[in-house]
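Read-outs throughout are calculated quantities, based only on the coordinates presented, and are distinct from any laboratory measurement. Quick caveat: nothing in here was measured; it's all calculated off a predicted structure. Don't worry about glycine lacking a Cβ; one is built from the backbone with ideal geometry, like all the others, and counts go over all protein chains shown.
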Amino acid sequence: MHLYPLIASVNVDVDKLSIEHLLIIVFSLLAVVSIVLICGFSLKLGDKEINIGGVQRLLAKRDKDTMLKESLKKFSDDVDHEVNADLYDLVEEIEDHLREPLIQGNHCYFTFEKFTSLVKNELYRRIRRNSLWEKLSEAGKDRYINTILKDIEKRYEILQAKANQVSCGDTYAKFSEVKEAIRGALIKFFDGTVKILIAGMEKKCEKYEKAKPEFKTAEAKKICCDDCIDKNKYRINKLLTGRI
């Protein structure tokens, strides 16, 4: 007894199909293609995974990455606000270093307050400027401090001239007599500012490193994490170099 293999063939004669059947076949194929494009599916070949289609999945990934990006932007802005607050606090602390021998003789509170405001306003003006880290690193410590000293000297001489015109008796010392004391206060400002800026940048880098695994697309991870880490590390290095 011989068993012959079962041969089954299915032939579709398109010419004999009705328009209704052809439309059903076409729409069915379109439906399958649409499902693949929208939902997609994955094929795993060893360690590699091939994704086919999946517009819906891709949009979901991008939505999550967008939310992460916005969250990191808010975090970065909050750190910048904290850094600015710390810099303003630093200027207030420096006021304690602007006492004797900066003003000689017995002065009333308002005369002393006017002098300290002059110095603090010069420092506040620099904090308000954009790219403070760039100014610090490009100029270097000595050059940056000498620039502020010159600006303070100009304003000091105007203040001194105004004080000499009133009859209250308060007089300010020559700038040459108080210059080194002011320089000492500016050195504390420079060193403190560099320390505060670096701490803020390191805080950002730490956050970006932790957020990297959460991103679903390589492009978003690079832009929101890798590039930001490189940028902040570059700035830290420039600040440390310019501090010398």
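Side notes on the structure shown:
- Sorted by Cβ neighbour density within 10 Å, fewest at the top, the residues 167, 131: 167, 131
- Summed residue charge, Cβ within 12 Å of residue 91's Cβ, Lys/Arg positive, Asp/Glu negative: -2
- Across the stretch 141-150, computed HN-Hα scalar couplings (Karplus, 6.51 cos²θ - 1.76 cosθ + 1.60, θ = phi - 60°) run 4, 5, 5, 5, 5, 5, 5, 5, 4, 5 Hz from first to last residue, x flagging Gly and Pro.
- Nonlocal amide H pairs with residue 216, under 5 Å, H built at 1.01 Å: 65
- For the stretch 129-223, projected area of the alpha-carbon convex hull averaged over all directions, nm²: 9.0 nm²
- Using a cutoff of 8 angstrom between alpha carbon atoms and counting only pairs six or more residues apart, the relative contact order for the stretch 107-198 works out to 35 percent.
- Simple Cβ-charge dipole of the stretch 62-242, Lys/Arg +1 and Asp/Glu -1, about Cα centre, in debye nearest 20: 600 debye
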